[in-house]
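Data first, discussion second: the structure below is written as structure tokens.
The values are calculated or read from the model by the stated rules, or taken from the named source; none is laboratory data. Please read all numbers here as calculations on a predicted model, not as lab measurements. All Cβ positions, glycine included, derive from the backbone under ideal geometry; neighbour counts span all protein chains shown. Calculation scope for accessible area: heavy atoms of the full protein, side chains included, ligands and nucleic acids excluded. Shrake-Rupley method; radii C 1.70, N 1.55, O 1.52, S 1.80 Å.
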Amino acid sequence: MPRNRPGALRARRLPAPHSRKVPPPPRIPGLSLRTSLAVHRLEDEDDGPLLLPGATASALHRYRTFVTTPGRGVLYPRTSVCPACPGCGMDDVRHARDVLAETLRLLTPRGARTELARTLNELDRTYRLRTLPDPRPNPRPWWHRRLSEGAEGW
């Protein structure tokens, strides 16, 4: 059987096996490129109501912005105006933390999960320092058991 000459093979110019028609999703600020890609992959594959495409990046930005608010005063999370729609739900930092907890729970590569957990632990520590505990019983996660905007005068 005759073989193709090397020049004939090069002349065909087959596309590279890793060529993409769609550019990769943007890197999530504060996370590595590998972790960002794992999060984007998870958001594309998940059918749940919390993990829509871009939800993790938006939630991480909202959580970081709330926690790093300038000043030394106490911060009070505020309830979103329209909790039914996903965009307005991010107004409530506790909803943003719910999204991040769900991402952390479902993220599959161990290294990506570890990196996200490390980032969240730093932000959680600041959140605990800047908010006040709510003494009323609440079965929700710990970030929901902090005094909210309407509860400071009860």
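When the criteria are applied in full, PRO70 meets the requirement of being over 20 Å from ARG145 (Cα atoms), open to solvent by 50 Å² or more (accessible area, probe 1.4 Å), modelled with pLDDT of 90 or more and not in a helix (DSSP H, G or I).
Taken over the stretch 133-150, the criterion of being touching a residue at least 40 places away in the same chain (Cβ under 8 Å) and surrounded by 14 or more Cβ atoms within 10 Å (Cβ to Cβ) is satisfied by TRP143, HIS144, ARG146, LEU147, SER148.
Any residue at all in the stretch 76-90 that is at pLDDT below 95, part of a helix (DSSP H, G or I) and of a type in the set (Gly, Ala, Ser)?
Of the stretch 76-90, the ones at pLDDT below 95 are 76-90.
The next check asks that each one be part of a helix (DSSP H, G or I); those that pass are 86-89.
Next, from what is left, pick out any that are of a type in the set (Gly, Ala, Ser): 87, 89.
Checked against the condition, which is being at pLDDT below 95, part of a helix (DSSP H, G or I) and of a type in the set (Gly, Ala, Ser), the stretch 76-90 yields at least one hit.
Checked against (1) open to solvent by less than 100 Å² (accessible area, probe 1.4 Å); (2) free of Cβ contacts under 8 Å to residues at least 60 places away in the same chain; (3) outside any loop (DSSP other than H, G, I, E, B); (4) over 22 Å from ARG146 (Cα atoms), LEU42 meets all criteria but (2).
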